[in-house]
Amino acid sequence: MAGVKFEITQHLELLSEGSKGWKKELNMVSWNDREPKFDIREWSPDYEKMGKGVTLTKDEIISLKEALNKLDI
C-alpha cells in the first residue's frame, strides 16, 4: 500500500498459509503511527506486500469473539 505506514507490533496467530508462501494472520498492527489494533489479512513472505483485510478495535474483537462462541461449529 503506497503511502501507508504500518508496523506489526505483535504476531498473534497464523490462520493459514497458501502454496506461494502468503500467510493469513491475526496481528496487532499500528497504522500511520496510531495505536495498534487487531488486524486480519494476508501477508507476503517478506511482509512487504499485503492483501485486503479487516482491522478491529478491542471492543470489536470482543464482539466478534462473543458472536463466534454462539456458533455451533
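In the chain, the portion of solvent-accessible area held by carbon and sulfur atoms comes to 51 percent [1.4 Å probe, whole percent, DNA, RNA and ligands not counted]. Using 0.36 nm per residue and subtracting the Cα-Cα separation, the extra length available between His11 and Met28 on full extension is 5.5 nm. Computed over the alpha-carbon pairs of the chain, the distance histogram in 5 Å steps reads 3, 15, 24, 25, 17, 10, 5, 1, 0 percent, short to long.
In the context of the full set of protein chains, the chain has a per residue accessible area of 78 Å² (1.4 Å probe).
Taking a sphere under 10 Å around the Cβ of Ile8 and counting the other residues whose Cβ falls inside, with K and R at +1 and D and E at -1, yields a net charge of -3.
What does the charge add up to near Lys24, with Lys and Arg as +1, Asp and Glu as -1, over the other residues with Cβ less than 10 Å from its Cβ?
Result for the local shell: -2.
Taking a cut-off of 23 Å between Cα atoms, list the lysines near Lys37, but don't count ones fewer than 8 places away on the same chain. Straight-line reach from Lys37, under 23 Å: Lys5, Lys23, Lys24, Lys49, Lys52, Lys58, Lys65. Of all the options Lys24, Lys37, Lys49, the one that moves most in a Gaussian network model of the chain with Cα springs shorter than 10 angstrom is Lys49. Residues in the range 47-64 carry Karplus couplings, in order, of 6, 8, 10, 9, x, 5, x, 9, 10, 10, 6, 4, 4, 5, 5, 5, 4, 4 Hz; the curve used is 6.51 cos²θ - 1.76 cosθ + 1.60 with θ = phi - 60°, and Gly or Pro positions show x.
The values are calculated or read from the model by the stated rules, or taken from the named source; none is laboratory data. Note that the structure is predicted; figures quoted are calculated from it, not measured. Reconstructed Cβ throughout: ideal geometry from the backbone, glycine too, with neighbour counts over all protein chains shown. When the accessible area is computed, the model is the full protein with side chains, heavy atoms only, and any ligands, DNA or RNA have been set aside. Shrake-Rupley method; radii C 1.70, N 1.55, O 1.52, S 1.80 Å.
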